[in-house]
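Note sheet for the following structure.
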Amino acid sequence: MTTYKEPVNRRRRFPWWARLILLVVVLYGAALYFAAHQAKVYLNAVVAPPGATVSENCAEYDLRGLPMRISAVCKSAKFVDPVTGIDLTTGAVRTTTFVENPTHATFSISSPVKARLANGATIDTNWQSLDSDIGGDLSGINYGSVFIGAIDSTIALPSVPSPVKVTSDHAEFHVRQNGPDLEVASRSDGTKLQTALISANLPAFSTSLDARLDGRGNVLSGAPITAGEAVQGNINRLEINFGTDGALAVSGPFKIAENGLLSGDFTIDVENYAALRGTLSASFPQATTLFDTASILLKTLSAGSKTGSITLNVRDGHVSLGIIPLGTIPPL
């Protein structure tokens, strides 16, 4: 009698745990590849102007780091902006992305940083520390922050015989895309300015900026900047604060036309203007008459209060206080 035997299925079956390991390996490989790609994208955004690539600006490019983060590194970097004519060189540049969140990254730039402007001015900057945070989505970068400690800059201007030295204990810069617009904020503390042009050293001061640039949100994603293009937005607050020696703040909408002429309505708030007048007059004695006139005007408008406010109207570079012309601002 013939006995029927069921055919044997010789295909090898992986146990569930082996399939799980394979799935994890595949997902990790994909995330690692994407993280490496994003690290190079972010590095390109840091060291290269729109339209350029990392290889054109980066010396000894390298990709390193495992298992959970990838770093794209340049031993040094060179940045040339064809629009503004700025020529910038830096020390080592590193961007690091993380496998679990490859659209977020940190970057660092080693000093010194040397910049040469189109007009021949040079800026040499060193710092003690620089920490940063950038991120976005598949379309590109949409926010970034930089924190710098112990900054020391020397600025040499072609028309000025002696350099200007600027130091600061701390500085930070923030940019964020908000819909079509670009929001910009910055702050510095313990800033000092030293130059032969100042008769007496200014006391240490702090600065802050909160502003919006209309229609410029895509700049972070690499949108090109066209020379001579009009720029407009709003200064929410730009402040220089000398502490007990007074403070000066500016706010208001502005527009810079294609020809560089500024227009806007700017509110100027001055705290403790009497002390500020003394501070500025001691450092810039050649402008003492201007400071005295401004102090008298603020005292009149503020009814004797220590805090005064005026509004300046600027139309195509022409500055006025109401119907009183004050002067002109050259093209920016």
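Numerical summary
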quantity	calculated
Yes/no for residue 154 being closer than 30 Å to residue 112 by Cα, under 17 Å from the mean Cα position of the chain (by Cα) and among the β-branched types (Val, Ile, Thr)	no
Pairs, first closer than 25 Å to residue 155 by Cα in region 103-118, second crowded, with 16+ Cβ neighbours inside 10 Å and small (Gly, Ala, Ser), C-beta under 8 Å, six or more apart	108/132; 109/77; 109/91; 110/91; 111/91; 112/91; 113/91
Test: residue 55 is within 22 Å of residue 149 (Cβ to Cβ), at pLDDT below 75 and not aliphatic (A, V, I, L, M)	no
Scan of region 316-327 for residues that are open to solvent by 50 Å² or more (accessible area, probe 1.4 Å), more than 18 Å from residue 258 (Cβ to Cβ) and assigned to a strand (DSSP E or B), ordered by number	324, 325, 326
Checklist (1) at pLDDT below 85; (2) buried (at least 17 other Cβ atoms within 10 Å of the Cβ); (3) of a type in the set (Ser, Thr, Tyr) applied to residue 288, failing item	(2)
Checking residue 247 against (1) of a type in the set (Gly, Ala, Ser); (2) more than 27 Å from residue 187 (Cβ to Cβ); (3) open to solvent by less than 30 Å² (accessible area, probe 1.4 Å); (4) under 32 Å from the mean Cα position of the chain (by Cα), the condition it does not meet	(2)
Region 208-225, residues that are assigned to a loop (DSSP other than H, G, I, E, B) and at pLDDT below 75	222, 223, 224, 225
Residues of region 166-207 that turn out to be open to solvent by 70 Å² or more (accessible area, probe 1.4 Å), in a strand (DSSP E or B) and in contact (Cβ under 8 Å) with a residue 24 or more places away in the chain, as a count	5
Any hit, region 214-227, residues being within 30 Å of residue 142 (Cα to Cα), hydroxyl-bearing (Ser, Thr, Tyr) and touching a Ser or Thr at 6+ places or on another chain (Cβ under 7 Å)	yes
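Residue by residue, here is whether (1) farther than 21 Å from residue 237 by Cα; (2) under 29 Å from the mean Cα position of the chain (by Cα); (3) not in a helix (DSSP H, G or I) holds:
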{"site": "274", "(1), (2), (3)": "yes, no, no"}
{"site": "281", "(1), (2), (3)": "yes, no, no"}
{"site": "288", "(1), (2), (3)": "yes, no, no"}
{"site": "298", "(1), (2), (3)": "no, no, no"}
{"site": "314", "(1), (2), (3)": "no, yes, yes"}
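The values are calculated or read from the model by the stated rules, or taken from the named source; none is laboratory data. All values reported here derive from a predicted model rather than from experimental measurement. Positions of Cβ are backbone-derived with ideal geometry, glycine not excepted, and every protein chain shown enters the neighbour counts. Heavy atoms of the whole protein, side chains included, go into the accessibility calculation; ligands, DNA and RNA do not. Shrake-Rupley method; radii C 1.70, N 1.55, O 1.52, S 1.80 Å.
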